[in-house]
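Enquirer: Handing you a structure now.
Just so you know, all these numbers are worked out from the coordinates, no wet-lab data involved. Everything numeric here is computed off the predicted structure, so don't read it as measured data. All Cβ positions, glycine included, derive from the backbone under ideal geometry; neighbour counts span all protein chains shown.
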Amino acid sequence: MLPKSDPTHVPTLGIVMLNWNQGRFLRDAVESILAQSFTDWRLQIVDPGSADGSRALYEMPFIADDRRIEVLLEPDDGPSDGLNKGFSKLRCPYSYYLNADDRVIPGAFSEAVGYLKSHPSVDMVMGHGVQIDAWGHVMRRVYSDAFDPWAYVSGKAVTVQQATFFRQRVFEQAGGFNVSNKVSWDGEFVLAAGMSGASMHVLNRTWGEFRVYGGTITSDSSTRAKAQRELARMRDQYLTGNLRSGPSPIMLEARRRLAHPIRSMSILTEKFLGRLPA
């Protein structure tokens, strides 16, 4: 641990960044945070033991000289455990997390925190995202869905993690992140939050960029079976009574498309024209 922050000041936004051998993207991720117009934040970088030169980056001025950034260097039991450790240390009114190979889009902090402040009944706000490749080139847009528990456990709902902000109390009500879930901990966190009564809103704003390249969980086809097993387990764990028998996958997909006509048109544009809409 490299403590540098003023312990008497509690920032408005607490950020946890997970880094596991993603040093080649780390500067990009941190600088996307440093570029935000909203500056009252604290960043906790959680590194359980990277062996790719990341530790040398932590000593560079863009991290070492910023008193808002701390680095936690200790082993953990996977991403969920790292997130739980990070948020337990931060305990800020509003929370956000980002992987070290992703980026947050300029203006996102100001918009998201401003929305939560002006809507005290909303516990979690989700925007949309952009998928990028290893070099930062835009591949396609990705859209967050309104919360629907059956859609989540059926794999028919998306929450763009890089565009999701929530109140600290949501983390506590949901019991943090499930350490045993190694493939879809972010989706389960949203599901647990929703089932605990958290109010969630989706805004038509683009706030996050997530990187897909060889070696990521998103790009690894071998994780699909594990993800399906986790969905089945979450259905049994979280859904009871009438929720246990939900609509068919076809109906869920149709409802999803009808709920987001702009997204559907964008997908068609990307598919047939090979480019993102203006």
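Enquirer: Of the numbered conditions (1) crowded, with 16+ Cβ neighbours inside 10 Å; (2) in contact with a Gly (Cβ under 9 Å, 6 or more places away or on another chain); (3) over 16 Å from residue 92 (Cβ atoms), residue 124 satisfies every one except a single condition; which is it?
Expert: If we test residue 124 against (1) crowded, with 16+ Cβ neighbours inside 10 Å; (2) in contact with a Gly (Cβ under 9 Å, 6 or more places away or on another chain); (3) over 16 Å from residue 92 (Cβ atoms), just (3) comes out false.
Enquirer: With respect to residue 152, is the statement that it is in contact with a strand residue (DSSP E or B) (Cβ under 8 Å, 6 or more places away or on another chain) and over 24 Å from residue 54 (Cα atoms) true?
Expert: Values: in contact with a strand residue (DSSP E or B) (Cβ under 8 Å, 6 or more places away or on another chain): no; over 24 Å from residue 54 (Cα atoms): yes.
No.
Enquirer: Here's another thing I want to ask about it. Scan the range 28-41 residue by residue and report those that are of a type outside the set (D, E, K, R) and either touching a helix residue (DSSP H, G or I) at 6+ places or on another chain (Cβ under 6 Å) or part of a helix (DSSP H, G or I) (or both).
Expert: Once the filter is applied, which keeps residues that are of a type outside the set (D, E, K, R) and either touching a helix residue (DSSP H, G or I) at 6+ places or on another chain (Cβ under 6 Å) or part of a helix (DSSP H, G or I) (or both), the range 28-41 yields 29, 30, 32, 33, 34, 36, 37, 38.
Enquirer: Can you tell me which residue within the range 42-58, out of those that are over 19 Å from residue 75 (Cβ atoms) and outside any helix (DSSP H, G or I), is farthest from the chain's Cα centre (by Cα)?
Expert: Just the residues of the range 42-58 that are over 19 Å from residue 75 (Cβ atoms), to begin with: 42-43, 56-57.
Those still in the list that are outside any helix (DSSP H, G or I) too: 42-43.
Values: 42: 17, 43: 15 Å.
Ranking the qualifying residues of the range 42-58, first place goes to 42.
Enquirer: Next up: Farther than 26 Å from residue 188 by Cβ and either out of contact with any helix residue (DSSP H, G or I) (no Cβ under 7 Å at 6 or more places or on another chain) or buried (at least 22 other Cβ atoms within 10 Å of the Cβ) (or both), is that true of residue 110? Before you say what the answer is, go through the steps one by one.
Expert: Numbers: farther than 26 Å from residue 188 by Cβ: yes; either out of contact with any helix residue (DSSP H, G or I) (no Cβ under 7 Å at 6 or more places or on another chain) or buried (at least 22 other Cβ atoms within 10 Å of the Cβ) (or both): yes.
So residue 110 passes the test.
Enquirer: Checking residue 208 against (1) more than 15 Å from the chain's Cα centre (by Cα); (2) under 25 Å from residue 119 (Cβ atoms): exactly one of these is not met. Which one?
Expert: Looking at each condition in turn, residue 208 falls short on (1).
Enquirer: Also, quick follow-up: Answer with yes or no whether residue 170 is β-branched (Val, Ile, Thr) and under 20 Å from residue 227 (Cβ atoms). Spell out how you get there, then give the answer.
Expert: Details: β-branched (Val, Ile, Thr): yes; under 20 Å from residue 227 (Cβ atoms): no.
Criteria not met by residue 170.
Enquirer: Here's a follow-up. Take the range 166-205 and flag every residue that is within 14 Å of the chain's Cα centre (by Cα), of a type outside the set (Ser, Thr, Tyr) and part of a loop (DSSP other than H, G, I, E, B).
Expert: Across the range 166-205, the qualifying residues are 176, 177, 183.
Enquirer: Could you please give the count of residues in the range 67-83 that are surrounded by fewer than 22 Cβ atoms within 10 Å (Cβ to Cβ) and either touching a residue at least 40 places away in the same chain (Cβ under 8 Å) or under 13 Å from residue 164 (Cβ atoms) (or both)?
Expert: Filtering the range 67-83 for residues surrounded by fewer than 22 Cβ atoms within 10 Å (Cβ to Cβ) gives 67-68, 70, 72-78, 80-81.
Then drop every residue that is not either touching a residue at least 40 places away in the same chain (Cβ under 8 Å) or under 13 Å from residue 164 (Cβ atoms) (or both), which leaves 67-68, 70, 72-74, 77-78, 80-81.
Final tally of qualifying residues: 10.
Enquirer: Where the second residue is assigned to a loop (DSSP other than H, G, I, E, B) and surrounded by 24 or more Cβ atoms within 10 Å (Cβ to Cβ) and the first is polar (S, T, N, Q) and lies in the range 96-109, which pairs have Cβ atoms under 9 Å and are six or more apart or on separate chains?
Expert: Between residues of the range 96-109 that are polar (S, T, N, Q) and residues that are assigned to a loop (DSSP other than H, G, I, E, B) and surrounded by 24 or more Cβ atoms within 10 Å (Cβ to Cβ), the close pairs are 99/19.
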